[in-house]
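Remarks on the structure that follows.
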Number of protein chains: 2
Amino acid sequence: MPISQRIEAAIGAALAHASGAGAPRLLAGSLGHAVLPGGARIRPTILMSVARACGEDRPALSDAAAAALELIHCASLVHDDLPCFDDADTRRGKPSVHRAYSEPLAVLAGDSLIVLAFDVLTRAGEEDAGRALRLMGLLARQTGMPHGICAGQGWESEAKIDLAAYHRAKTGALFVAATQMGAVAAGHEPEPWRDLGALIGEAFQVADDLRPDDGALYDQLIEIDLDQLKPLGKPVGQDDLHGRPNAVAELGVEGAVARLSDILAGAIASIPSCPGEAALAAMVRAQAERIVPKLPARIRV
Amino acid sequence: MPISQRIEAAIGAALAHASGAGAPRLLAGSLGHAVLPGGARIRPTILMSVARACGEDRPALSDAAAAALELIHCASLVHDDLPCFDDADTRRGKPSVHRAYSEPLAVLAGDSLIVLAFDVLTRAGEEDAGRALRLMGLLARQTGMPHGICAGQGWESEAKIDLAAYHRAKTGALFVAATQMGAVAAGHEPEPWRDLGALIGEAFQVADDLRPDDGALYDQLIEIDLDQLKPLGKPVGQDDLHGRPNAVAELGVEGAVARLSDILAGAIASIPSCPGEAALAAMVRAQAERIVPKLPARIRV
């Protein structure tokens with residue numbers, strides 16, 4: 001089965017469990033609204049690709065890990081969209097959860113999705129409790145405090161931001177989770193896979209700075225055309241308020257594109273030796289081409 | 001070490017981990033604000049008491065389970081206090097987290113505490129992954145959808161409430177988690193311990209209906225004096241809006257006290273056979289006396 005189908009099947013099974021008999025209907029509906037249809041499912045795709053490259057021997061564990069990671073990502077989007085954060089009216093082309101349902105239900109949907117992520121892994125852990133436990137540990141570390149995405153969002157409330165910590169936590173954490181969980185699901189050690197995740201996270205950060213200022217979704221980067229790029233990439237918002245360095249502002253569009261290319265080359269070079277190393281490199285290269293397709297001469301990955 | 005000290009030590013260790021080097025300071029502070037000083041720590045106390053009654057052979061697992069359960073409870077209080085739910089200015093005699101810090105930090109504090117609960121259990125699982133995994137499964141089930149406390153809160157957004165499901169999820173779930181996790185931490189099966197948790201949850205529900213209408217905290221019931229009781233126990237609020245049956249309104253004060261007494265007697269009778277059965281029965285009896293100390297003649301537990 002293609003990776004994308006496996007991911008949707010695993011997410012669908014998790015949702016069906018959470019929305020089963022006896023569940024309050026509106027909250028159940030809000031979970032589906034938050035998760036389906038998905039964005040590019042980039043994080044679980046990376047996770048699955050790493051698991052396959054590592055010679056995936058327990059597909060049920062990779063499926064669960066991929067679903068869990070995407071559920072955490074969706075939970076973070078639901079809460080980030082809340083009025084007290086981005087106050088976003090839309091997400092993935094439809095109303096945000098708090099607009100479609102209500103603010104209380106959006107808070108509860110995010111909470112429920114976080115719990116569901118861990119629940120999925122506990123249920124998949126029956127055949128290998130040790131591996132499931134390591135997966136949950138990695139997921140918790142990259143989600144919560146002190147270094148996960150909650151911490152990343154938390155930095156935005158600080159008067160003085162540790163920018164390196166902020167970027168690592170806010171953008172990088174779930175990509176590190178993706179590569180490390182993919183390795184662990186297949187019985188490999190997580191540590192050698194940290195760099196790949198961190199570099200993919202950095203690449204997405206630069207790609208985000210390069211994205212056209214048209215409300216295109218961070219998570220659904222498809223094509224970037226140089227002509228559409230604005231010098232500062234994003235409207236004045238939280239990032240600018242906090243003086244977050246922007247690759248485009250710092251290096252110019254071409255400089256940022258060159259930086260993106262370098263990061264992706266570094267990502268491919270960082271792939272640890274494993275049975276499916278070549279195929280994984282090809283996958284990262286394909287993602288890279290997807291991010292900056294109009295600049296073939298500059299992409300040296 | 002007394003149970004209460006073990007609980008505080010385990011919670012303190014979890015907080016220290018989450019607030020460690022590199023954490024954003026305000027979010028770290030909000031976690032401490034949400035969790036310390038605690039309320040009565042009733043849920044982890046029940047958990048520890050059941051683990052001891054079951055001949056606790058892995059104290060590190062009971063400690064982690066107790067901390068995890070209390071962290072989930074505290075997370076639920078932080079989110080329930082948010083403006084979109086109860087809009088509570090105070091909690092446990094000090095400002096609620098969103099008043100003391102901010103609404104974004106309160107959302108993130110709740111999220112971080114949920115993740116921390118699972119993180120604590122993954123870290124304690126090194127010596128017995130299987131048992132840790134079962135503990136996480138029980139915690140997830142009683143916290144998320146479709147039947148945990150998230151579902152309980154979700155029922156309040158429904159036009160038509162399944163009252164039995166609402167009560168089981170909103171009040172009962174974490175008490176069932178307490179007894180079942182205590183048993184599992186000590187290597188026993190969880191199922192025989194469900195009734196004890198469910199009945200203690202019901203008792204708290206009735207005690208809540210009986211509490212004086214003076215803002216006394218649900219979680220810090222100390223003494224209830226008949227003279228202080230008002231016929232309807234609670235101010236008009238969410239409960240009344242949804243027509244939740246109130247034991248005092250239904251049975252009168254004396255009837256509700258008799259009902260509470262019956263439930264607690266049932267709880268004690270439900271205790272499964274285990275090495276520390278007598279001590280556990282004494283603990284539940286002591287809690288019962290704490291809840292309705294001024295009515296000795298009616299307490300037949």
As a test of reading the structure, rank B:I268, A:I263 by solvent-accessible area (1.4 Å probe, protein chains only), most first. B:I268, A:I263
Inside 10 Å of the C-beta atoms of A:14-20, what's the mean count of C-beta atoms belonging to other chains? 2
Whole-percent carbon and sulfur share, accessible surface of the protein assembly as shown, 1.4 Å: 54 percent
Using θ = phi - 60° and the Karplus relation 6.51 cos²θ - 1.76 cosθ + 1.60, list the HN-Hα couplings for segment B:272-285 in order, rounded to whole Hz, with x at every Gly or Pro. x, 4, 7, x, x, 4, 5, 5, 5, 4, 5, 5, 4, 4
Rounded to the nearest 100 Å², what is the buried accessible area between A and B, both sides summed, probe 1.4 Å? 4100 Å²
In whole Å, how far is the Cα centre of segment A:1-75 from that of segment B:3-70? 31 Å
So the number of lysine pairs in segment A:3-298 with alpha-carbon atoms under 22 angstrom apart, 8 or more residues apart or on different chains, is 6
Apply the Karplus parameterisation 6.51 cos²θ - 1.76 cosθ + 1.60, with θ equal to phi minus 60°, to every residue of segment B:16-29 and state each ³J(HN,Hα) to the nearest whole Hz, in sequence, with x for glycine and proline. 4, 4, 5, 9, x, 3, x, 7, x, 5, 5, 5, 4, x
Per-residue mean of C-beta atoms belonging to partner chains within 10 Å, peptide A:131-137: 6
Mean accessible surface per residue for segment B:3-298, computed with a 1.4 Å probe while every protein chain stays in place, in Å²: 36 Å²
Divide the volume of the convex hull of the Cα atoms of segment B:44-179 by its number of residues and quote the answer in cubic angstrom per residue. 110 Å³
With Rh as the Kirkwood radius over Cα pairs, segment A:1-84 has Rg/Rh of 1.02
May I ask you to find the residues of segment B:69-113 that are shielded by at least 50 Å² of accessible area once the whole protein assembly is considered instead of their isolated chain (probe 1.4 Å)? B:C84, B:F85, B:P104, B:V107, B:L108, B:D111
The answer for B:R91, listing residues at least 5 apart or on another chain whose modeled amide H is closer than 5 Å to its amide H, is B:S96
Which whole-number value in Å³ per residue fits the convex hull of the alpha carbons of segment A:3-298? 119 Å³
Using a 7 Å Cα-to-Cβ projection, A:A249 label spacings across copies, nm, ascending: 5.5
So, in nm and shortest first, the distances from B:E277 to its counterparts in the other copies, with label points 7 Å along Cα→Cβ, work out as 6.3
Over all directions, the protein assembly as shown yields a Cα convex hull whose mean projected area in nm² is 25.6 nm²
Please compute, for peptide A:154-164, the average count of beta-carbon atoms on other protein chains lying within 10 Å of each residue's beta-carbon. 4
Residue-by-residue Karplus 3J(HN,Hα) for segment A:263-270, coefficients 6.51, -1.76, 1.60, Hz, glycine and proline x: 4, 5, 4, x, 4, 5, 5, 7
Every other copy gets compared here: list the nm distances from the A:P2 label point (7 Å along Cα to Cβ) to its counterparts, shortest first, one decimal. 6.4
A:M48 accessible area, nearest 10 Å², 1.4 Å probe? 0 Å²
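The values are calculated or read from the model by the stated rules, or taken from the named source; none is laboratory data. The structure presented is a predicted model; accordingly, all values stated were derived computationally and were not measured. With ideal geometry, Cβ positions are generated from the backbone for all residues, glycine too; neighbour counts draw on all protein chains shown. These area figures cover heavy atoms from the full protein model, side chains too; ligands, DNA and RNA do not enter into them. Shrake-Rupley method; radii C 1.70, N 1.55, O 1.52, S 1.80 Å.
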